[in-house]
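Novice: Structure incoming, see below.
The values are calculated or read from the model by the stated rules, or taken from the named source; none is laboratory data. Nothing here was measured: the structure is a model prediction, and the numbers come from that model. Positions of Cβ are generated from backbone atoms using ideal geometry, with glycine treated the same way; all protein chains shown enter the neighbour counts.
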């Protein structure tokens, strides 16, 4: 039986059928799940996916929303460029495609934030197009089954994987169930052909698998070369007035793009400037317990300081022209805050007024 047909047969009897984005050809719902599942585990995505659809049930609702509202629902899911592109993509589909996703993978790829594999997945799931996908699960299956060595993010290896993916579809039965085949590859990689301790005895590809035959499951895919992760440091000021915290909106580019975070400073002079901006009485900021947040390419060492403000400043803007607001502590969970900043402020809210519990 051809490779693709083996996957389909396995998926229909052993694959996942309970996920909230399955059993639909609604391109909006499929697209949303595909974007959320990038770099994120299914168990983490499910509650976000359900809340997102409850708030934005159609692509028209999402396109009409404010970016702050979109980012607030995304907060904690990470990789925030996905949320900004999601919003832009919805607006593009509504403005240029009358609210309906294009049916061809090439047209789908032209939309903001949608790469080749995601475009092919939407075309396959929603329109039955005979287009292969190539996510992390598929790369792992292919490299083990076909014995393909080399870094999968290198162009030469990636081209070889895509070529194999197209050949698998060409060699399959003409009536190949593309949604089942596409889902089956994802399911097999997520539940059987896993990174560590793959369940080879439950795999429909075992009899012809190179890695199983040569006992090389742990060596394929070829491990990426580990790089030393640099550490960056930043000081943040928690400026509190009664039950409100001063937050600033971050630039679109860079980490936490478009989210609300705390004012940052590098030295005592910049801290003094912040205090002057907000008409703060001359007093020492309390140094709180430092912590780290790990990103894909670096670790961020965050040193927070806490300072109370006896009155709200008269000026609408500080010398820092970035958009700001005094955020009520009871609105933390509904504001687009980065996860580590949310956790810090939740702790402040819980123990507000008890300095010893704030890390002193």
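Novice: More than 24 Å from the chain's Cα centre (by Cα) and outside any helix (DSSP H, G or I), is that true of residue 149?
Specialist: Taking the combined requirement at face value, the residue satisfies it.
Novice: Also: How many of the residues making up the range 91-118 are touching a helix residue (DSSP H, G or I) at 6+ places or on another chain (Cβ under 9 Å), farther than 11 Å from residue 35 by Cβ and part of a helix (DSSP H, G or I)?
Specialist: 13
Novice: If the requirement is being buried (at least 17 other Cβ atoms within 10 Å of the Cβ) and over 25 Å from the mean Cα position of the chain (by Cα), which of these qualifies: 137, 168?
Specialist: Going through 137, 168 in turn, just one is buried (at least 17 other Cβ atoms within 10 Å of the Cβ) and over 25 Å from the mean Cα position of the chain (by Cα): 168.
Novice: When the range 288-313 is examined, which residues are found to be outside any strand (DSSP E or B) and either modelled with pLDDT of 95 or more or out of contact with any helix residue (DSSP H, G or I) (no Cβ under 6 Å at 6 or more places or on another chain) (or both)?
Specialist: 289, 290, 295, 296, 297, 298, 309, 310, 311, 312, 313
Novice: Restricting attention to the range 272-304, report how many residues are buried (at least 18 other Cβ atoms within 10 Å of the Cβ), more than 20 Å from residue 80 (Cβ to Cβ) and in contact with a strand residue (DSSP E or B) (Cβ under 8 Å, 6 or more places away or on another chain).
Specialist: Matching residues across the range 272-304 total 7.
Novice: Still on this model: Inside the range 19-42, can you point out the residues that are assigned to a loop (DSSP other than H, G, I, E, B) and farther than 27 Å from residue 145 by Cα?
Specialist: Within the range 19-42, 20, 21, 23, 24, 25, 26 meet the criteria.
Novice: Here's another thing I want to ask about it. For the range 92-100, state whether one or more residues are surrounded by 21 or more Cβ atoms within 10 Å (Cβ to Cβ), outside the structural domain of residue 252 (by TED's automatic domain parsing) and free of Cβ contacts under 8 Å to residues at least 60 places away in the same chain.
Specialist: Taking every residue of the range 92-100 in turn, at least one turns out to be surrounded by 21 or more Cβ atoms within 10 Å (Cβ to Cβ), outside the structural domain of residue 252 (by TED's automatic domain parsing) and free of Cβ contacts under 8 Å to residues at least 60 places away in the same chain.
Novice: Moving on to the next point. List, please: which pairs have Cβ atoms under 8 Å, are six or more places apart or on different chains, and start with a residue in the range 163-177 that is without any contact (Cβ under 8 Å) to a residue 40 or more places away in the chain and in the same structural domain as residue 143 (by TED's automatic domain parsing) and end with one that is surrounded by 12 or more Cβ atoms within 10 Å (Cβ to Cβ) and in a loop (DSSP other than H, G, I, E, B)?
Specialist: 164/148; 165/132; 165/133; 165/134; 166/132
Novice: Is it the case that some residue within the range 228-250 is in contact (Cβ under 8 Å) with a residue 12 or more places away in the chain and out of contact with any strand residue (DSSP E or B) (no Cβ under 8 Å at 6 or more places or on another chain)?
Specialist: No, the range 228-250 contains no residue that is in contact (Cβ under 8 Å) with a residue 12 or more places away in the chain and out of contact with any strand residue (DSSP E or B) (no Cβ under 8 Å at 6 or more places or on another chain).
Novice: Is it the case that some residue within the range 44-64 is part of a helix (DSSP H, G or I) and in contact (Cβ under 8 Å) with a residue 60 or more places away in the chain?
Specialist: Checking the range 44-64: not a single residue is part of a helix (DSSP H, G or I) and in contact (Cβ under 8 Å) with a residue 60 or more places away in the chain.
Novice: For residue 255, state whether it is part of a loop (DSSP other than H, G, I, E, B), at pLDDT below 95, in contact with a strand residue (DSSP E or B) (Cβ under 7 Å, 6 or more places away or on another chain) and under 30 Å from residue 304 (Cα atoms).
Specialist: no
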